[in-house]
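The values are calculated or read from the model by the stated rules, or taken from the named source; none is laboratory data. All values derive from a computational prediction rather than experimental measurement. We place every Cβ from the backbone using ideal geometry, glycine too, and count neighbours over all the protein chains shown.
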Amino acid sequence: MLQSLTIESFAIIDQVTIDFSQGMTVLSGETGAGKSIIIDALGILCGGRGSNEFIRQDSEKLVVEGLFSFNEQPTALIHLLEELSIDTEHLLEDGLIIRREINNQGKNLIRVNGQLLNVTALKRIGSHLVDIHGQNEHQALLDNTQHLSLVDQLGDQRFIQLKEKYQTAYEQYAAIRRQWFKSQKNEQEQMQRLSF
């Protein structure tokens, strides 16, 4: 869950911190109140396209920072964070802090729990944290790559354990299969050398 969002020097926003409470959050207000800017900032925080055009006039850089908290272990996210060498030991207690800065030259500085990352990695992480729905947009439902993840989220703790057990067994199978193909290839090469 997004716990807080800090935005600095973004479009018309000088500096604002928004704290979100448990449950659904609705952004409402008159036209021009800044709702879209908050959504754009959240999109940039999660790996969306960002440029120096978003920087507030007379500022050197924009900063968007978010704190995400978790009630239970987000298994798929943890695997991704570990793949990206991000420490996950205290994820449930401390949460996940994502900070993205874009300077006047358009350069990005992205940190996830203090670890420097690129935009591609941020986008991968962001897809586990936020799904922004706008008018006529059904991102996760139309994205075939997200279907299995959506179904998996319906599983209970036993399902998660069984899935992890299956993943381990499959990885072992794949390693043995690769080894078998490699030995078959080596044997064929050896037979070809002997025939010469």
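Here are a few things to note about the model shown:
- Qualifying residue in the stretch 100-114 (condition: assigned to a loop (DSSP other than H, G, I, E, B), within 18 Å of the chain's Cα centre (by Cα) and either modelled with pLDDT of 85 or more or not assigned by TED's automatic domain parsing to the domain that holds GLU8 (or both)): yes
- Taken together, the criteria exclude LYS123 from residues that are loosely packed, with under 12 Cβ neighbours inside 10 Å and out of contact with any Lys or Arg (no Cβ under 8 Å at 6 or more places or on another chain).
- Residue pairs meeting the criteria (Cβ under 6 Å; at least 6 apart or on separate chains; first in contact (Cβ under 8 Å) with a residue 12 or more places away in the chain, in the stretch 96-123; second exposed (fewer than 13 other Cβ atoms within 10 Å of the Cβ)): ASN104/GLU60; GLY106/SER51
- The set of residues in the stretch 55-69 being more than 14 Å from the chain's Cα centre (by Cα) and part of a loop (DSSP other than H, G, I, E, B) consists of ARG56, GLN57, ASP58, SER59, GLU60.
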